[in-house]
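Notes for the one structure printed next.
The values are calculated or read from the model by the stated rules, or taken from the named source; none is laboratory data. Just so it is clear, the structure is predicted and the values come from calculations on it, not from any experiment. Backbone-built Cβ (ideal geometry, glycine too); neighbour counts: all protein chains shown. We work out accessible area using only protein heavy atoms, side chains counted, and drop any ligands, DNA or RNA first. Shrake-Rupley method; radii C 1.70, N 1.55, O 1.52, S 1.80 Å.
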Amino acid sequence: DDLVEGLALQSEVMDLRADDAANGEGYVMDARIEKGLGTVADCVIRWGTVRKGDYVVCGLSMGKVKTLKDVDGKMIKKASPSQPVRVVGFDSVPQAGEPLVCMSSMNDAKDLVERRKAVQANMLSQVVGSGNAELQSSGKHLMQNKWREELKGRYGMDKEDEDSSPVRIPVIIRADADGSLSALREAMMEIADESRLHIQVDPIVTGVGPVLPSEVEMAKESNASIFCFNIKNDGATLRLADTKDVRVINDDVIYRLLEESRDIFSSYLPTKEVEHVHGRAKVGKVFEIGGLGTVAGLNVTEGNLYKEKVPSDTKVPLRCFYRVLRKGEVISKGLPISTSLKHFKDDVEEVSSGMECGLSIDGHSDYEEG
């Protein structure tokens with residue numbers, strides 16, 4: 001209420017006026033596709049009057065106003081300056097924040113859209129032709145030339161500079177409204193920006209409404225995952241995605257969708273071997289035991305020794321290996337799991353620091369005391 005009163009006071013002081021007899025102009029605040037209605041745009045009128053039956057243009061979208069609704073959902077015949085209104089009739093989903101203008105005829109609307117498309121195509125050709133321009137994949141480019149040779153061997157990385165090139169992660173993003181789509185796209189781009197790793201999220205297709213079968217095919221060819229926010233996808237499309245082994249992630253809570261996207265993004269990263277020393281021991285005695293061969297009698301000085309596998313936070317045990325050192329130099333490494341680990345006469349899976357044990361490793365018998 002205070003904000004409304006403040007705005008009203010400022011408009012009186014500044015003598016702000018609008019000509020409600022002029023052709024209507026405004027801004028699209030959000031847009032989406034609704035079942036049974038088609039494209040629906042939430043707008044605010046800033047100048048003139050928008051009437052039912054007017055021809056409107058917003059960016060590259062155009063159409064004839066079929067219905068107008070006020071904030072209470074009631075049908076109205078016209079919308080005046082400063083009035084929020086819901087417009088139905090666009091031929092495609094306009095972008096949030098784009099200006100809306102009324103035209104005198106459908107031919108004028110088509111001419112305006114064609115001129116804008118020509119300007120956009122000219123600007124795009126100049127950017128692509130520039131030697132300093134960064135190549136960014138798009139859905140249209142991917143469809144040409146067999147997805148640009150599988151995005152130049154998976155996302156444009158040449159062998160000679162693979163280490164310095166970012167890991168491109170292709171995604172397809174669908175949302176219930178243009179505002180949600182923009183927010184989700186920006187949030188995913190921020191994940192890449194905030195990452196300590198050199199990754200680049202590449203939205204090859206973005207759009208409002210359910211996933212299309214052609215986008216499933218596109219995701220398969222480009223190894224992309226499909227992220228949907230608050231979308232009811234067609235069952236046949238989901239079955240196609242399952243058949244093509246394409247991941248379709250849908251959620252109506254954006255932070256949950258972003259958490260899942262982080263997990264999926266990590267699967268595109270190259271794996272690295274990480275070595276972790278779990279335990280150390282010294283050879284106290286060397287024994288020859290029938291059936292086992294050479295057995296090292298050990299004193300565990302640090303950590304734990306394991307017979308086969310090491311427990312991990314992922315709940316999946318990790319295989320362990322052994323390394324033998326003599327006078328500070330490695331004489332054997334990457335040795336396979338032990339064939340026997342005993343504490344006194346008992347077979348054990350783990351021996352802790354301060355304990356003694358007998359260890360036999362398949363394929364290694366060259367032990368020395370100390």
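List pairs: first in the range 35-55 and under 17 Å from SER104 (Cα atoms), second charged (D, E, K, R) and in a loop (DSSP other than H, G, I, E, B), Cβ under 8 Å, 6+ apart or cross-chain?
TRP47/ASP19; GLY48/ASP19; GLY48/ASP20; THR49/ASP20; ARG51/LYS77; LYS52/LYS77
Just name the residue that is surrounded by the most Cβ atoms within 10 Å (Cβ to Cβ) out of those in the range 90-112 that are hydrophobic (A, V, I, L, M, F, W, C) and at pLDDT 90 or above.
It comes out as PHE90.
Here is a check on your reading of the model: is ARG168 among the basic types (Lys, Arg), out of contact with any Pro (no Cβ under 7 Å at 6 or more places or on another chain) and not in a helix (DSSP H, G or I)?
For ARG168, the condition - among the basic types (Lys, Arg), out of contact with any Pro (no Cβ under 7 Å at 6 or more places or on another chain) and not in a helix (DSSP H, G or I) - is met.
For the range 7-31, enumerate the residues that are within 27 Å of TYR55 (Cα to Cα), in a loop (DSSP other than H, G, I, E, B) and open to solvent by less than 100 Å² (accessible area, probe 1.4 Å).
ALA18, ASP19, ASP20, ALA21, ALA22, GLY24, listed by residue number.
What number of residues in the range 267-283 are among the small types (Gly, Ala, Ser) and modelled with pLDDT of 80 or more?
2
Of the residues in the range 189-214, how many are touching a strand residue (DSSP E or B) at 6+ places or on another chain (Cβ under 6 Å), within 29 Å of GLU34 (Cβ to Cβ) and surrounded by fewer than 20 Cβ atoms within 10 Å (Cβ to Cβ)?
The number of residues fulfilling the criteria is 3.
Hey, among the residues in the range 171-199 that are over 15 Å from ILE264 (Cβ atoms) and part of a strand (DSSP E or B), which one's nearest to the chain's Cα centre (by Cα)?
Selected residue: ARG174.
Tell me, which residue of the range 284-323 that is among the β-branched types (Val, Ile, Thr), under 16 Å from SER340 (Cα atoms) and modelled with pLDDT under 85 is surrounded by the fewest Cβ atoms within 10 Å (Cβ to Cβ)?
Only one residue tops the list, namely ILE289.
Residues ASP251, ASP178: which one is over 30 Å from PHE321 (Cα atoms) and at pLDDT 85 or above?
None of the others qualify; the one that does is ASP251.
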